[in-house]
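The block underneath contains the structure these notes are about, expressed in structure tokens.
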Amino acid sequence: MNREALMEATRRQMPERRWRHVLGVVATAEELAARFGGDREQVWLAALLHDYCKAWPVDRMETIIREQGLPAELLEYDKELWHAHVGAWAVREELGIRDEAVLDAIRYHTSGRENMTLLDKIVCLADYMEPGRDFPGVHKIRELANHSLEEALVAGFDSTISFLLEKGKTIFPLTVLARNDLIRTIEKRTQKS
Ligand SMILES: [Fe+2]
Ligand SMILES: [Fe+2]
């Protein structure tokens, strides 16, 4: 599929408002790649497809998780997490995307994970800070992103975790592991300099 066909296939999955968010994530991810590196084609693709099935009905996602062997543990956590794993499955099945690095960036864009790749970090951070985003702390995230992907991402995960704490919700363990890992990376870098 060429770029235009991929964009059209993606746009069809979601309402206009979500599509504007996706375009914001693509533009922001491209800016981050210009600043920090990263394969431009992979960045474009993963950013475009990251929310492929965000607007799908919850029961459709649940069925896919159960029937396609996706991690059943997801069902015990917030539904917000489901579209990331289901999305990676769906773009492979429906659009023929085979690049595992791109699929991983989609799969972990909401939760993060340990040892995040440059591509994972760019997509996850762009999702937090694209121009349409407005939540407490987003300005700080954008400011940190001027010099450090890792520091900006930690601020992003902090905002997610604080929100979940405030709401009395469970926290997906991978997000805590991702945050710990990023903090260690930052600490090592500070010790060296
Ligand atoms: Fe998402
Ligand atoms: Fe998103």
- request: Take each complete run of DSSP H in the chain, measure how far its Cα atoms stretch along the helix's own axis, and keep only those covering 15 Å or more with mean Kyte-Doolittle hydropathy at least 0.5; list them.
  value: 118-129, 149-167
statement: Taking Cα pairs closer than 8 Å and at least 6 residues apart, the relative contact order of the chain in percent is 21 percent
- prompt: For LEU23 and ARG113 in the same chain, what is the full-extension length gain: residue separation times 0.36 nm, less their Cα-Cα distance, in nm?
  reply: 30.0 nm
task: Taking H placed 1.01 Å from N in the peptide plane, check which residues at least 5 places from ILE171 or on another chain put their amide H under 5 Å from its amide H.
output: none
query: What accessible area per residue, rounded to a whole number of Å², is obtained for the chain using a probe radius of 1.4 Å?
result: 51 Å²
statement: Residue span ASP158 to GLU94: 0.36 nm per residue of separation minus Cα-Cα distance leaves a gain in nm of 19.6 nm
- request: Over 25 Å between C-alpha atoms is what I'm after, so list which of LYS54/LYS188; LYS79/LYS188; LYS79/LYS140; LYS79/LYS121 land there.
  value: LYS54/LYS188; LYS79/LYS188; LYS79/LYS140
message: I'd like the carbon and sulfur percentage of the solvent accessible area for the chain, probe radius 1.4 Å, heavy atoms only, ligands and nucleic acids excluded.
response: 49 percent
- request: Just order 68-75, 91-98, 121-128, 171-178 by mean Cβ neighbour count inside 10 Å, highest at the front, would you?
  value: 121-128, 171-178, 91-98, 68-75
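The values are calculated or read from the model by the stated rules, or taken from the named source; none is laboratory data. Source: prediction; values computed, not measured. Neighbour counts run over all protein chains shown; Cβ positions are idealised from the backbone, glycine included. Remember, those area values only see protein heavy atoms, side chains included, never the ligands or the DNA or RNA. Shrake-Rupley method; radii C 1.70, N 1.55, O 1.52, S 1.80 Å.
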